[in-house]
Amino acid sequence: MEPAAGAVAGVEELRVENLAKRFGGLRVLEGISFALAPGDLLGVIGPNGAGKTTLINVITGRTPPSGGRILLGGQDITGRPTHAVSRLGVVRSFQQTNTFKAASVRENVSRALRFSGGAGPQGWARVAPLLDAFGLAPRLGEQSDKLPYGLQKMLGLTLAYAANPKVLLLDEPAAGLERSERTRVDEFVRHVRACGCSVLIVEHDMDLVRRLCPRIIVLDAGVVLAEGPPAEVLARQDVIAAYVGADAAGDEAA
Amino acid sequence: MEARSPSRWGAQEWAAVAMFLAVLAVPWATDDLLVQSIVNRVLIGAMAALSVFIMLRMDLLSFATPAFMALGGYAAVLLTMHGVTEVLLIVPASFLVPALVALPLGALVLRLRGVYFVLVTFVLTEILQLVLFMTPRLTGGADGLAGFPAPTLLGTELSDARSVLALAAAMALLAAVITAALTAHFRQHFAAIEENEVLAESLGLVVWRYKAMGFVVAAGIAGMAGFSLGNMLLTVHPTSFGAQQAVDTIVYAIIGGRGSILGPIAGASLLVTVSDFLGNQGQYAQGLFGLLLILVTLVARGGIAGAVAALARRLRAPRAAAGPAAAAPEAARGGA
Amino acid sequence: MGRIAKRSLVAAVVAAGLTFTAGAGAQTTCEVRIGALGPMSGPAAQWGLAMLGAAELAAAEANARGGLQVGSQRCSVSVLSYDTRYTAEGAAAGVNNLASQGVRFLIGPVGSPEVTGAKPVATRHRLLMFANSYAKNAIGPQWPLVFHLGPGPSEWAPPIVRLAKEQFGMRSVAIVAPNDQGGTDIASVDAEVYRQHGITATEEYYQRGTTNFAPIVTRLLASRPDVVDTASSPPGDAGLIVRQLRQAGFTGPIGRLGGPGTEEIIRVAGGIDVVRNFYWYEVAPTEDPRVRAISDEYRRLLNREPPENTNLWLWVVGARMTLRAIERAGTATDTNRVAAALRELPVEDPNLGRGAWTGQSFFGINQELSLPFGMGMILDGRMVGVRRIDVSPQ
Amino acid sequence: MHEFLTAGIIGISLGAQYALLALGFTLIFGILGVINFAHGGFYALGGYVAYAAVSQAGLPFPLAVLAAVVATAALGALYERFLIERLVDDHLATMMLTLGLYLVISTGLLAVFGPQSPEFSFPVQGTLRAGTLYLPLENLVVLAVCAAAIGALWLLIYRTDFGRALRALADDRKVATTQGMRPGLLFPLAFGLATGLAGLTGALVTPILALSPSAGDPVLVTSFLTVILGGLGSIAGAVVAAVIVGFVEAYASVYLGGSTGALILFVTVLVILLARPTGLFGREIRGA
């Protein structure tokens, strides 16, 4: 099964309308709306427990939303199963456990290509520059969970890209990386945008967010607190307050 | 469906099939009843453990094997009682009936993750016992079914000890071929589900399809084991299909090694034989199984098969030649 | 008489001991192996150990006499055993295991699942088997080499029900048993026998593994029965049922047409006062000194304590009869001839007395070795004792 | 009507015992993510320790119960600390470790105490009666102890720092650990607490019911059913589900008979689980 043909240029790639998610009585997301154009880059920030990972889970069909719609190139994909969403072109990365542990780097990539329907030389050709850039190319035979953590993380991002996405949702790509390794995330994002991918990036590293994202939204307790360019948004008093006041351990695992 | 994967049979798949081929000769090689009896029970235990193994390939622990064994066993026996004794019909039936039941059942229970799946399969086995007790007209209830006609192969009756064992070996061979074909063909898919199901799904793998396929085939293989057991005992009886048997088959698969198709075969061979030799101390078999289970989990995650493979690799590759990365990945695969 | 027998026995033992120390097998040219097949471990171990004990005692007696006269040969008797773990597979495996070691005669197994598993395999190898299950199909014309050890419920239930009705005058009974073969096969026969005596009978089956019988007891009492019968519920379950019946205010007599274990029932129930009025089937006339003498003989011949289970006394007779049939048939290999000889043997045992071959009307084959049994009774919290009931041939 | 009320009383008694068992089981899962197959083993072990303390050491019953709690809690904590701890995140491995322990415990009990039920009776006898209704005093005592234990556990989990730490670990181990909670200390304590509860139940209930090496088998099944129903890891769910299981068992057995009662219980649980894969109170959050 080949992914559907690319969206018409100029049409929004991903559109989220009034999205809501409740676990029992607990409101995790409420009235979330935003849109991503092709090649667009949107940062999502917020304190622990703000619902950032849940947002990705809901968009990718891992958890069903309690309300609202998700549109991809005008097509309603709300509530579709994860694999279907992925094959339509919305692929995510994970904070942790982002590779097939026991498999070699080569097997990891080949699985990503095969599962997304893109096995074959073209697929490898698409991924090869990233493998080179991250220094994974010489380590194709190594078992992925024996790699240094930073490389595992980059392999995870590469896998998501290998699945031939139109929209990439990155869940804290820089978390756990050494400061010196974080520029690789920039590199990755630049590369995929150059290929026409839209990117949504959930991140705690404010420097990275400032560097990369022309536009960000701030989530707090499941609602959009602010939206706009990072410099402007991060200076707002309520945003600062949300961060300072949110010290108590939240349930980020959601 | 995916493009045909390049997964080919490895040495282990061929070895498993070769072993059962060799066992086919046992009925003619010896008249020793004890050997025949042990071999027969090993074959049945190995088949049941192969069923567990298939599910373990996807990191699913199933306590429902005895339930599917019962379905296959009762289905085949009921056929013979209604005049269908041809093995070329009843063996497929013993595979198909549990497989067909597993299909809708799988749609329900495979939605459950990890431990919930484990608990539900446990409950399924309990439910099956009750269903057997409550359907005495069909299944003989608490008495089970006995006194059914011997199976026939193209008109020849397979009732003597030799043909019973030969039939068991043939069915085990078939089970090994099916298991090898399935797990080798979908090696990458199963491994991906085992190692990181969430990632596999988010990369576009239709996980439920492979799980359902595995579940259905595992049920079918268990069903064949159930018929083989019924054919050996000349009876199908509810006590043969309880929680105890579920634990035993899991123990065979885990101690033998869940990383290779040879594992369940090794586990069944060793443990069935050991419990037989414990003789009148049979009560200690369970304790021994428990200790082995703890031991294997702590120190030899690949079980017997994994340990043997690691040893062979170490012997084959002299210390100097063994790069750190060369041997590690395969060895670790056994556990994980 | 008793003293003389005792003295000659001691002499025989000493003689046997001497011949053994002088070099075992010096004067015996062959060996007859009999197998004890039963649960030797786990909750049902008592039964299997009693089977083993019975076989060992019969073998020791034969060896003390200088062995079995099989045709022209004098053969020693040895006993092999196998633990079935109370399962059908275990029993089938055990038959194979024992047969592979040259065993042609089996004492056991005891449970319904085991017998179901063992019978076909034993038939395949043409072994002679003395089974003791109460299963409705324990023996039958299709298994000519399978004999039944001791009377089944179809034999012992009628006289006990008759006597219980004389004593308690009940008009209705509720029978409770586990919902597996060991429960249903006996309880349904019991119920039929009660009905034949003009007593309304209801059957109630509980899930094996039930730990609290309070709901079952409530259900039992809903029909306001005069008597509750615990049939073949395991003694631990039966004791708990008795206790919870009393707690629920049931004051009527309680029966147990199922099997031994009265001591354990009294223990679990909380004492004989709680049990109050109770009647049960006892496998042997346990208060008969001649029957008890079997245990003394066991101690003397085997120099250790006999297994506790009173079934030992019953099963010894089966083992002795098997050996006698071997001698009479003059073969230790042709089980068909031994079976024929066994069928012809009169049932007469020095300890248990006269019995009979029964089973024709219930099983369709007269291969049930019926021996005198007992009916125990507790009246108003007082142990009345076990009364001997003789069987008549069919 | 009489049967209806009687079944209700029985249902409450059953529910209280099941609650205590399920609480321990669910606590272990909620906090460590481990399915404890040895739970029934700790129940049987608790019974035997109490029995040995009464019959061998001559301790009074309350002290014997205490000894059972201490012994089972200690064994549980040590087993967690030295074996389970190493593989705590591998759910298959922990299942195998606890299943193995169960087989070892029941075989050990069989080897030491033999297969038969020993004589072990509850020190309080007698029955309260009101018309045709009745309540054995021993059940009343067990009910009271169970209620007290559940209450104490509730306070422990929701009103103490220890409980807060446990709940934080259950919610998100990573965050909790970064905030200074030490799984290396808290996990064994939690595990021991749970196995101690199983031991307590065993010591209390086996003298009323029956004590045998395999007494843990039905306990494991009941614990499974209860926590499936209540939602793995949910404390409130375990209590509510235990009461439901108790009532279903009581009413189904009284009105439909033993086998049907059991079947209805199993099927009810299966249906609920299929309709709500996380149980009545389970959260979607813990994917496990």
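Go through the stretch C:355-383 and give me each residue that's over 17 Å from residue C:260 (Cβ atoms), open to solvent by 40 Å² or more (accessible area, probe 1.4 Å) and of a type in the set (A, V, I, L, M, F, W, C).
Once the filter is applied, which keeps residues that are over 17 Å from residue C:260 (Cβ atoms), open to solvent by 40 Å² or more (accessible area, probe 1.4 Å) and of a type in the set (A, V, I, L, M, F, W, C), the stretch C:355-383 yields only C:362.
Checking the structure you have, find out if any residue of the stretch C:263-284 is within 14 Å of chain D (Cβ to nearest Cβ), open to solvent by less than 10 Å² (accessible area, probe 1.4 Å) and among the hydroxyl-bearing types (Ser, Thr, Tyr).
No, the stretch C:263-284 contains no residue that is within 14 Å of chain D (Cβ to nearest Cβ), open to solvent by less than 10 Å² (accessible area, probe 1.4 Å) and among the hydroxyl-bearing types (Ser, Thr, Tyr).
Identify all residues within the stretch D:221-231 that are within 13 Å of the chain's Cα centre (by Cα) and crowded, with 22+ Cβ neighbours inside 10 Å; write none if there are none.
Residues satisfying the conditions are D:222, D:223, D:224, D:225, D:226, D:227.
Can you find a residue in the stretch B:236-259 that is touching a strand residue (DSSP E or B) at 6+ places or on another chain (Cβ under 9 Å), within 14 Å of chain C (Cβ to nearest Cβ) and among the aliphatic types (A, V, I, L, M)?
yes
Residues are listed down the side, and each one gets a yes or a no for (1) without any contact (Cβ under 8 Å) to a residue 60 or more places away in the chain; (2) more than 24 Å from residue C:240 (Cβ to Cβ); (3) out of contact with any Pro (no Cβ under 7 Å at 6 or more places or on another chain):
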position: D:197; (1), (2), (3): no, no, yes
position: D:207; (1), (2), (3): no, no, yes
position: D:211; (1), (2), (3): no, no, no
position: D:218; (1), (2), (3): no, no, yes
position: D:226; (1), (2), (3): no, no, yes
position: D:236; (1), (2), (3): yes, yes, yes
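In the stretch A:32-50, what residues are of a type in the set (Gly, Ala, Ser) and crowded, with 20+ Cβ neighbours inside 10 Å?
If the condition is that a residue be of a type in the set (Gly, Ala, Ser) and crowded, with 20+ Cβ neighbours inside 10 Å, then A:43, A:46, A:49, A:50 are the ones that fit.
Hey, could you check the stretch A:216-254 for residues that are at pLDDT below 75 and part of a helix (DSSP H, G or I) and say which is most open to solvent (accessible area, probe 1.4 Å)?
A:244
Please verify whether residue C:193 is aliphatic (A, V, I, L, M), farther than 19 Å from residue B:238 by Cβ and crowded, with 22+ Cβ neighbours inside 10 Å, treating the condition exactly as stated.
No; evaluated as a whole, the condition is false for this residue.
Within the stretch B:46-66, can you find the residues that are in a helix (DSSP H, G or I) and either of a type in the set (Asp, Glu) or open to solvent by 10 Å² or more (accessible area, probe 1.4 Å) (or both)?
If the condition is that a residue be in a helix (DSSP H, G or I) and either of a type in the set (Asp, Glu) or open to solvent by 10 Å² or more (accessible area, probe 1.4 Å) (or both), then B:57 is the only one that fits.
Residues B:115, B:91, B:84: which one is among the β-branched types (Val, Ile, Thr), surrounded by fewer than 24 Cβ atoms within 10 Å (Cβ to Cβ) and part of a loop (DSSP other than H, G, I, E, B)?
B:84
Examine the stretch C:133-149 for a residue that is open to solvent by less than 10 Å² (accessible area, probe 1.4 Å) and touching a Ser or Thr at 6+ places or on another chain (Cβ under 7 Å), and state whether such a residue exists.
So far as the stretch C:133-149 goes, yes, one or more of its residues are open to solvent by less than 10 Å² (accessible area, probe 1.4 Å) and touching a Ser or Thr at 6+ places or on another chain (Cβ under 7 Å).
How do the helices (runs of 4 or more DSSP H) wholly within the stretch B:154-256 filter down when requiring 2 or more residues that are under 18 Å from residue B:65 (Cα atoms): which remain?
The qualifying helices (runs of 4 or more DSSP H) are B:161-185, B:207-233, B:243-256.
Return a yes/no flag: does the stretch B:265-285 have any residue that is within 11 Å of chain D (Cβ to nearest Cβ), assigned to a helix (DSSP H, G or I) and among the aromatic types (Phe, Trp, Tyr).
yes
Kindly indicate whether residue C:190 is at pLDDT below 90, in a helix (DSSP H, G or I) and either at negative phi or aliphatic (A, V, I, L, M) (or both).
no
Checking the structure you have, find out if any residue of the stretch A:51-66 is within 11 Å of chain B (Cβ to nearest Cβ) and open to solvent by 30 Å² or more (accessible area, probe 1.4 Å).
The answer is yes; a qualifying residue exists.
Return a yes/no flag: does the stretch C:136-145 have any residue that is under 14 Å from residue C:48 (Cβ atoms) and in the same structural domain as residue C:347 (by TED's automatic domain parsing).
The answer is no, given that none of the residues of the stretch C:136-145 is under 14 Å from residue C:48 (Cβ atoms) and in the same structural domain as residue C:347 (by TED's automatic domain parsing).
Residue by residue through the stretch C:305-340, note down the ones that are in contact with a Gly (Cβ under 7 Å, 6 or more places away or on another chain) and more than 28 Å from residue C:45 (Cβ to Cβ).
Of everything in the stretch C:305-340, those that are in contact with a Gly (Cβ under 7 Å, 6 or more places away or on another chain) and more than 28 Å from residue C:45 (Cβ to Cβ) turn out to be C:330, C:331.
Test residue C:153 against the stated conditions and say whether it is of a type outside the set (Lys, Arg), at pLDDT below 90 and open to solvent by less than 30 Å² (accessible area, probe 1.4 Å).
yes
Only residues that are within 20 Å of residue C:180 (Cβ to Cβ), open to solvent by 10 Å² or more (accessible area, probe 1.4 Å) and assigned to a loop (DSSP other than H, G, I, E, B): list them for the stretch C:221-242, please.
C:232, C:234 - these are the residues of the stretch C:221-242 that are within 20 Å of residue C:180 (Cβ to Cβ), open to solvent by 10 Å² or more (accessible area, probe 1.4 Å) and assigned to a loop (DSSP other than H, G, I, E, B).
List the helices (runs of 4 or more DSSP H) inside the stretch D:79-195, counting only whole elements, that have at least 3 residues being within 14 Å of chain B (Cβ to nearest Cβ) and among the charged types (D, E, K, R).
The helices (runs of 4 or more DSSP H) meeting that bar number zero.
Determine whether the stretch C:318-333 contains at least one residue that is within 29 Å of residue C:237 (Cβ to Cβ), open to solvent by less than 30 Å² (accessible area, probe 1.4 Å) and at pLDDT 90 or above.
So far as the stretch C:318-333 goes, yes, one or more of its residues are within 29 Å of residue C:237 (Cβ to Cβ), open to solvent by less than 30 Å² (accessible area, probe 1.4 Å) and at pLDDT 90 or above.
Looking for something in a helix (DSSP H, G or I), at pLDDT below 85 and either open to solvent by 10 Å² or more (accessible area, probe 1.4 Å) or more than 10 Å from chain B (Cβ to nearest Cβ) (or both) - is there at least one such residue anywhere in the stretch A:94-113?
no
Taking the residues in the stretch A:111-142 that are in contact with a Ser or Thr (Cβ under 9 Å, 6 or more places away or on another chain) and small (Gly, Ala, Ser) as candidates, determine which candidate is farthest from residue A:58 (Cα to Cα).
Applying the filter and picking the extreme gives A:141.
For residue C:31, are the conditions met, namely being over 18 Å from residue C:84 (Cα atoms), assigned to a strand (DSSP E or B) and not assigned by TED's automatic domain parsing to the domain that holds residue C:237?
yes
Under 6 Å between Cβ atoms, at least 6 apart or on separate chains: pull out the pairs that start in the stretch B:89-116 with a residue that is free of Cβ contacts under 8 Å to residues at least 12 places away in the same chain and end on any residue that is open to solvent by less than 70 Å² (accessible area, probe 1.4 Å) and among the hydrophobic types (A, V, I, L, M, F, W, C).
Correct list of pairs: B:108/D:274; B:112/B:120; B:115/D:35; B:115/D:288.
Within the group C:245, C:257, which residue is open to solvent by less than 10 Å² (accessible area, probe 1.4 Å) and over 24 Å from residue D:222 (Cβ atoms)?
C:257
Hey, can you tell me all the residues within the stretch B:183-195 that are more than 16 Å from residue B:56 (Cβ to Cβ) and at the interface with chain A (Cβ under 7 Å from one of its Cβ atoms)?
If the condition is that a residue be more than 16 Å from residue B:56 (Cβ to Cβ) and at the interface with chain A (Cβ under 7 Å from one of its Cβ atoms), then B:188 is the only one that fits.
Residue D:258 - would you say it is buried (at least 24 other Cβ atoms within 10 Å of the Cβ) and within 10 Å of chain C (Cβ to nearest Cβ)?
The answer is yes for residue D:258.
Condition first: more than 8 Å from chain B (Cβ to nearest Cβ) and open to solvent by 10 Å² or more (accessible area, probe 1.4 Å). Can you find one or more residues in the stretch C:89-98 that meet it?
Checking the stretch C:89-98: not a single residue is more than 8 Å from chain B (Cβ to nearest Cβ) and open to solvent by 10 Å² or more (accessible area, probe 1.4 Å).
The values are calculated or read from the model by the stated rules, or taken from the named source; none is laboratory data. Because the structure is a prediction, the values reported are computed rather than measured. Glycine also receives a Cβ, built like all others from the backbone with ideal geometry; neighbour counts cover every protein chain displayed. Each accessible area value is taken on the protein alone, full model and side chains, heavy atoms only, with ligands, DNA and RNA left out. Shrake-Rupley method; radii C 1.70, N 1.55, O 1.52, S 1.80 Å.
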